[in-house]
Amino acid sequence: KLCGFVFTEFRDVTNEYNGYYRLDGSDKQFGYEAFVPDMTLADLHSADFIVMDTAPCQTIDAGAEVSVPLLRSSYSDQHHGETLRLVWELWYDNLGTRVVADCGSISIEWNGYGVAQMEPVALRMPAQDAVAVLAIRLMDAANNVITRNFTTFDVQSGKQNGYYSAGAGNGFVRTKVGCFSEQSFSNTWEAIEGSKVNGIGSGHFIYNITLPDQAEHAVINEVEIMFEASAKRVLARNVEGAKVLDAGLDMMHGADANVEYNSSTYYMTDDEKHTSVVHVLVDGEKVGSFFLPDDPADSRGVLSWHYQPMVRKLDEAGSYGYLCKVSIPGQLAAKLDRNRSLKLELQAEEGGLALYGRNAGRYPVGLMIRYN
């Protein structure tokens, strides 16, 4: 048995927007280190490797038990005859805090070439909405890392507003990012089946949000706003529309180098940044601002990959944002306690704004209000 992958076209390696390298030699960021510390592209090409025989991401119920099939792959005799250790960790992000749900290690007699099955890793998923990560490292007797790998799980509580570990007395109200009542951008559109909304240039999205009434929650003392956002880079097709190229020999020869007209194009995270700033206003009062460093897209956009529509095209695949959290001042929170509703305005400067819902981006939160 063989374990690996094949490049069907050399241009897949040097593709400007989703390949391994840029023709000008500039760096591209794959984001693997966010899942396993120090993981790089080189880990995927290691002669000794641990295969996780599963999908890159699976949708799983909160608290469910999962068995992950593993295989060992060896095409080098460097470690043959040694006892190696597979160190694994199941972790997730809980509203900005890294939580380790479980961890362990397995001893492996590393003998012979080829691919062979191993004992699977048994896991219990977190009891809340989360993107859970199974991160593994293969290590030798001197604790040197031989290779790294990971897989992910979209853990869903099944509750309308989600469920997150935030302490006693906390509740959540989640609003779909596409359910704004007003917007002022020069151009807006949805992506990833409505789980992401984009605005070009400066402008705002306004949301009218209802909080629980007093019968459901007697007193609201604290209010916190959370959302995932990025800047919004403008591509040629966002202005002029997508163009279909004749897939003849001239396409292989690079006759049209402007890939921005391709409906699948979304530039991978690299050294060129596209920044913006978003201001947060509640009932017309400014409560916070966030600098958005980029409009990134790479492996960290787990949900944007996982929820791609099955149409043989990519829809802003791998795109993600930055988790933004702002607490409402006490005097304004008291007003919200009385009114039990708020007008939330997300106001972007000229770099544009992209907002990610529960099933897009990096964080499974959407546009959310936490109250206590």
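Each value in this text was obtained by applying a stated rule to the coordinates, not by laboratory testing. All values derive from a computational prediction rather than experimental measurement. Note that each Cβ is placed from the backbone with ideal geometry, even for glycine, and that neighbours are counted across all protein chains shown.
Annotations for the structure displayed:
- For the chain, the longest principal axis of the alpha carbon atoms and the long axis of helix 330-339 meet at an angle near 70°.
- Under the criterion of Cα pairs below 8 Å and six or more residues apart, the relative contact order for the chain equals 20 percent.
- The GNM of the chain, with springs linking C-alpha atoms under 10 angstrom apart, assigns the highest mean-square fluctuation among Pro309, Pro126, Pro293 to Pro309.
- Gly167 sits among other residues whose Cβ lies under 11 Å from its own Cβ, and their net charge, with Lys and Arg +1 and Asp and Glu -1, is 0.
- Between the beta carbons of Glu240 and Thr8, assuming R0 = 35 Å, the FRET efficiency works out to 0.70 to the nearest 0.05.
- Within-9-Å neighbourhood charge of Ile136 [Cβ basis; K, R +1; D, E -1]: +1
- Across the stretch 286-298, rounded Karplus estimates of 3J(HN,Hα) from the backbone phi angles (6.51 cos²θ - 1.76 cosθ + 1.60, θ = phi - 60°) give 6, 10, x, 9, 9, 7, 9, x, 6, 10, x, 7, 6 Hz, Gly and Pro being marked x.
- Net charge dipole size for the stretch 262-345 [Lys, Arg +1 and Asp, Glu -1 on Cβ; Debye, nearest 20]: 500
- Within the shell of other residues whose beta carbon sits under 15 angstrom from the beta carbon of Ala360, the net charge comes to -2, with Lys and Arg scored +1 and Asp and Glu -1.
- Along the axis of the charge dipole computed for the chain (Cβ charges of +1 for Lys and Arg, -1 for Asp and Glu, origin at the Cα centre), the listed residues Asn144, Met268, Leu346 are led at the positive end by Leu346.
- Charge dipole (debye, nearest 20) of the chain; +1 at Cβ of Lys and Arg, -1 at Cβ of Asp and Glu: 920
- Mean-position separation - Cα centroids, the stretch 320-372 and the stretch 287-312, in angstrom: 17
- Rg ratio for the chain: its Cα radius of gyration over 2.2 N^0.38 Å, N being its residue count, equals 1.10.
- Of Met52, Met118, Met268, the residue with the greatest mean-square motion in the GNM of the chain, using alpha carbon springs below 10 Å, is Met118.
- Projecting the Cα positions of Ser299, Gly321, Gly167 onto the charge dipole of the chain (unit charges on Cβ atoms of Lys, Arg, Asp and Glu, taken about the Cα centre) puts Gly167 furthest along the positive direction.
- Total lysine pairs in the chain at Cα distances under 14 Å, for residues eight or more apart or on different chains: 8.
- Taking the stretch 31-156 and dividing mean pair separation by its residue count, relative contact order in percent (alpha carbons under 8 Å, at least six apart): 35
- In the chain, the DSSP-assigned H stretches of four residues or longer account for a calculated mean residue ellipticity at 222 nm of -1500 deg cm²/dmol, using -39500 (n - 2.57) per stretch and the full residue count as denominator.
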